[in-house]
Amino acid sequence: LRDRGPFTAAEAQKNGLVDELAGGEDVEDLIGLRLGRRVDAVPPPDNPRRDRAWSRPAVAVIFADGDIIDGKSRTIPILDRRFVGHETLIRALEQARGDGRVRAIVLRIDSPGGSALASDLIAREVARTARVKPVLCSLGDTAASGGYFMAAPCTLIFAEPSTITGSIGIFTGKFDVSGLAERLGVGISTLRRGPHADMESLFRPYTDEERALILEKLRYYYDRFVATVATGRKMTMAEVDAVGRGHVWTGAQAKEHKLIDRFGGLMDAVREAKKQGGLDENEEIELIQLPEQPTSLLGQLGALIGLRAGAEETGLIDLLRPIAPLLRMLPGSLLLAPSTPQALMY
């Protein structure tokens, strides 16, 4: 097993490494079946808004702006990069879903994509939320690859005719600096246990066996992507594959290919969300912006200088400054997780 990994979830189950396959939303029910009682495996959202008779109805607008990464959203100011973390976005969807005032949700996406796994997890949460409340998508300048992945399960998708849309595809790779090290006279020694233990090492290329293994994993992720789009857009797998394979479309072309529903901007989506949520067109509502931003002056200044990125990252800002122009040229999600399969337009 050590030499055949890493495994997809289905392969891990087949090899006896896991017992059952289930989405996060099913974990509580499965644990409850085992224990014979209800268990809340996921804590409630922070500061849940309770339903109040005197409160105005609301539409939640959830912003997904930047490269998609595993974990929490973060910002690296010196690189002028914003990252959409799947944990943060899922939490925002949970909060909007559990808020009694929120009649509908608008997911505003401006992202070239990123981590394939994070995009998949967000898409699952969008689908789960859409079964409870209308979830409409408003696509900004770009909603490509992982950005479109998480949009696919939405009830309706709005885009501008010029929006970069689609790019249904997956890729991965790594930097190989072994040639550079040899030119510099740098010797490299590696201790490993198993033939693939250092597969993602920067100091050697992939072997032919590893390339075949990676290609198999990419096909798995691509099929997940295509299946999500096919379900959300009510298309066949073949129809999605025909407009997939990394093809990039304008919003106008995407509408012809059934990848979006209507032309329009954010406020067009908000107006339709009111209608989908059973509200009158002229009825006053509250717009709730999620994920919540720091409201204190100290919190806002902290966000501007990158404190949300974590203390260990803020310490790197001075080190990154001289090479910032070079790093800006690289896909942001690859900077943080270079070995993660990417659903990314680049």
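The values are calculated or read from the model by the stated rules, or taken from the named source; none is laboratory data. Source: prediction; values computed, not measured. Glycine also receives a Cβ, built like all others from the backbone with ideal geometry; neighbour counts cover every protein chain displayed. Surface areas here come from the heavy atoms of the whole protein model, side chains and all, with no ligands, DNA or RNA. Shrake-Rupley method; radii C 1.70, N 1.55, O 1.52, S 1.80 Å.
Cα-Cα over 30 Å: which of Lys14/Lys174; Lys133/Lys217; Lys234/Lys275; Lys255/Lys275?
Going by Cα-Cα distance, Lys133/Lys217 fall outside the 30 Å limit.
Can you compute 3J(HN,Hα) from phi for each residue in segment 86-94, using the Karplus curve 6.51 cos²θ - 1.76 cosθ + 1.60 with θ = phi - 60°, rounded to whole Hz and x for Gly and Pro?
Values per residue, Gly and Pro as x: 5, 5, 5, 6, 4, 4, 5, 5, 4 Hz.
Keeping all protein chains in place, calculate the accessible area per residue for segment 171-289 (probe 1.4 angstrom), answer in Å².
64 Å²
Using only Cα atoms, what is the ratio of the radius of gyration of segment 67-221 to 2.2 N^0.38 Å?
Segment 67-221 yields a ratio of 1.32.
Can you list which of the trypsin sites (Lys or Arg not before Pro) found in segment 106-192 are DSSP loop residues with at most 12 other C-beta atoms within 10 Å?
Filter output for segment 106-192: Arg131, Arg192.
Name the long-range amide H neighbours of Ile157: under 5 Å, sequence gap of 5 or more, or other chain; modelled H, no Pro or chain starts.
The list, which skips near neighbours in sequence, is Cys137, Asp261, Arg262.
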